[in-house]
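Asker: Can you keep this structure in mind? I'll have questions shortly.
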Amino acid sequence: MIRVQENTSLKPYNTFGIDVKTKYFCEIRSDDELQELIATDLFKNEKKLILGGGSNVLFTRNFDGLLILNSIQGIEIVEETEEKITLKASSGERWHSLVMNCVKHNWGGIENLSLIPGTVGAAPMQNIGAYGVEVSEVITKVEAIELTTGEIKMFTREECKFGYRESIFKNTAKEKYFISSVTLTLCKKNYHINISYGAISDILKQMNVSQPTIQSVSEAVIKIRTEKLPDTTTLGNAGSFFKNPEIGEKLFEKIKSEYPVIPHYTAANQQVKVPAGWLIEQCGWKGKKFDRIGVHATQALVLVNYGDANGEEIFQLAMKIIQSVREKFSITLTPEVNIF
């Protein structure tokens, strides 16, 4: 039986620790409970927001509608061969817990995505990625429930229309579906170990690892993220606030002429990906603190809530950063965090 609460604080449910309230709040622990909620007049009449781990949102005001907290749990093996294994993970599962389970069993494909906060359901929506790997590479299917009808729809990888931090669920299908589970296929042998991106290879050398494994890559990623990113349980933040921009070769060469050591990576369609954190740092924002908010001292991509800041304060800081990067580099940063 579903239980709907009124005037509920969302401070425990967002990693920025912003104390806003939602008009209605309902926690869902199964697909059946969601179906029960969909049948109510409350669901049909109110604006809706689905929340998982709350690690990719910034609330700038109270939410005047129904907030649905996704707590659907479960992981099952769908198919297994000598070389591959296919798993179906419920959308309310913690992403890092799923990764650790796979690393423990030596199933390869998502070890580079260790310690990314949030839930499984957010993974395809954002097409989460880190250190040269995107989750779209291993997703085979996404199961979703249409919010207007309650009908179940299966999306293939192609139908998800994955892009850089993008998917159909952030565009044409935005707010139309509740992702209930994600199916992914991982390797059991003949692994493709990816250590070419970021500092993974350097960390592995520090760890005296000459032959990288799934476990050692995961450990290296966790070490990097732990050292560079603040713990959301002790300091309010949402991880990387901005996407890494992709720019044309002409603009890149212009910037490189002035900054020869600019870090960069080749992207699709003759584009060049430049780390947003580097751009922000060049504009002097890294480590800056403004009363209750600021930019983290070791990772300029991370905006932090040092106290009881409100979301509008953090949003305004983000806008100032965007403006300064645009003025200095002619690049417009795009928030990766969803702003409400």
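The values are calculated or read from the model by the stated rules, or taken from the named source; none is laboratory data. What you see is a predicted model, and the numbers here were worked out from it, not measured in a lab. Positions of Cβ are generated from backbone atoms using ideal geometry, with glycine treated the same way; all protein chains shown enter the neighbour counts.
Asker: Give THR119, THR148 a once-over and let me know the one that is crowded, with 22+ Cβ neighbours inside 10 Å, under 23 Å from LEU69 (Cβ atoms) and hydroxyl-bearing (Ser, Thr, Tyr).
Answerer: On the way: THR148 fails: crowded, with 22+ Cβ neighbours inside 10 Å.
Only one candidate passes the filter, namely THR119.
Asker: Can you name the residue in the range 267-280 that is over 22 Å from the mean Cα position of the chain (by Cα) and more than 15 Å from THR332 (Cβ to Cβ) and is also modelled with the highest pLDDT among such residues?
Answerer: GLN270
Asker: Taking LEU186, is it of a type in the set (A, V, I, L, M), in the same structural domain as LYS88 (by TED's automatic domain parsing), crowded, with 17+ Cβ neighbours inside 10 Å and within 30 Å of CYS160 (Cβ to Cβ)? Walk me through it before giving the result.
Answerer: Working: of a type in the set (A, V, I, L, M): yes; in the same structural domain as LYS88 (by TED's automatic domain parsing): yes; crowded, with 17+ Cβ neighbours inside 10 Å: yes; within 30 Å of CYS160 (Cβ to Cβ): yes.
Yes, satisfied.
Asker: Additional query: As an exercise: evaluate THR233 against (1) within 30 Å of GLY311 (Cβ to Cβ); (2) surrounded by fewer than 16 Cβ atoms within 10 Å (Cβ to Cβ); (3) touching a helix residue (DSSP H, G or I) at 6+ places or on another chain (Cβ under 9 Å) and give the number of the one condition it does not meet.
Answerer: Tallying (1) within 30 Å of GLY311 (Cβ to Cβ); (2) surrounded by fewer than 16 Cβ atoms within 10 Å (Cβ to Cβ); (3) touching a helix residue (DSSP H, G or I) at 6+ places or on another chain (Cβ under 9 Å), THR233 fails exactly one: (3).
Asker: Does THR233 qualify as being in a helix (DSSP H, G or I) and closer than 25 Å to VAL99 by Cβ? Break it down stepwise before answering.
Answerer: Values: in a helix (DSSP H, G or I): no; closer than 25 Å to VAL99 by Cβ: yes.
The answer is no for THR233.
Asker: Out of the residues in the range 308-321 meeting the condition of being assigned to a helix (DSSP H, G or I) and of a type in the set (Gly, Ala, Ser), tell me which one is nearest to THR60 (Cα to Cα). Before the answer, list the steps.
Answerer: Just the residues of the range 308-321 that are assigned to a helix (DSSP H, G or I), to begin with: 311-321.
Narrowing the set further to residues that are of a type in the set (Gly, Ala, Ser) leaves 311, 318.
On the way: GLY311: 4, ALA318: 12 Å.
Of everything passing the filter in the range 308-321, GLY311 is nearest to THR60 (Cα to Cα).
Asker: In the range 322-337, which residues are among the charged types (D, E, K, R), in contact (Cβ under 8 Å) with a residue 40 or more places away in the chain and part of a helix (DSSP H, G or I)? Please lay out each step first, then the result.
Answerer: Keep residues of the range 322-337 that are among the charged types (D, E, K, R), which gives 326-328, 336.
If we keep only those that are in contact (Cβ under 8 Å) with a residue 40 or more places away in the chain as well, we get 328, 336.
Selection gives LYS328 alone.
Asker: Could you grab the pairs with beta carbons closer than 7 Å, sequence gap of 6+ or different chains, first residue in the range 1-30 and free of Cβ contacts under 8 Å to residues at least 24 places away in the same chain, second one in a loop (DSSP other than H, G, I, E, B)?
Answerer: Taking only residues 6 or more apart or on different chains, the pairs are SER9/ASP19; LYS11/GLY17; LYS11/ILE18; LYS11/ASP19.
Asker: Looking at SER210, SER216, can you tell me which residue is polar (S, T, N, Q), out of contact with any Pro (no Cβ under 8 Å at 6 or more places or on another chain) and more than 25 Å from TRP95 (Cα to Cα)? Walk me through how you get there before you give the answer.
Answerer: Details: SER216 fails: more than 25 Å from TRP95 (Cα to Cα).
From the options SER210, SER216, the qualifying one is SER210.
Asker: In the range 1-34, what residues are more than 26 Å from PRO117 (Cα to Cα) and part of a loop (DSSP other than H, G, I, E, B)?
Answerer: The answer is MET1, ILE2, ARG3.
Asker: Go through the range 292-307 and count every residue that is β-branched (Val, Ile, Thr) and either more than 18 Å from the chain's Cα centre (by Cα) or in a helix (DSSP H, G or I) (or both).
Answerer: Kept after step one, since they are β-branched (Val, Ile, Thr), are these residues of the range 292-307: 293, 295, 298, 302, 304.
Narrowing the set further to residues that are either more than 18 Å from the chain's Cα centre (by Cα) or in a helix (DSSP H, G or I) (or both) leaves 293, 295, 298.
Number satisfying all stated conditions: 3.
Asker: So SER181 passes all but one of these: (1) loosely packed, with under 13 Cβ neighbours inside 10 Å; (2) outside any loop (DSSP other than H, G, I, E, B); (3) outside the structural domain of GLN299 (by TED's automatic domain parsing). Which condition number does it fail?
Answerer: All conditions are met except number (1).
Asker: Hey, can you tell me all the residues within the range 275-291 that are part of a loop (DSSP other than H, G, I, E, B) and either free of Cβ contacts under 8 Å to residues at least 12 places away in the same chain or over 15 Å from ASN244 (Cα atoms) (or both)?
Answerer: The initial filter retains those residues of the range 275-291 that are part of a loop (DSSP other than H, G, I, E, B), namely 275, 283-288, 291.
Scanning the range 275-291 gives CYS283, GLY284, TRP285, LYS286, GLY287, LYS288, ASP291.
Asker: If you check ALA144, ALA173, ALA123, which single one turns out to be touching a helix residue (DSSP H, G or I) at 6+ places or on another chain (Cβ under 7 Å), aliphatic (A, V, I, L, M) and in the same structural domain as GLU79 (by TED's automatic domain parsing)? Walk me through it before giving the result.
Answerer: On the way: ALA144 fails: touching a helix residue (DSSP H, G or I) at 6+ places or on another chain (Cβ under 7 Å); ALA173 fails: touching a helix residue (DSSP H, G or I) at 6+ places or on another chain (Cβ under 7 Å).
Exactly one of ALA144, ALA173, ALA123 is touching a helix residue (DSSP H, G or I) at 6+ places or on another chain (Cβ under 7 Å), aliphatic (A, V, I, L, M) and in the same structural domain as GLU79 (by TED's automatic domain parsing), namely ALA123.
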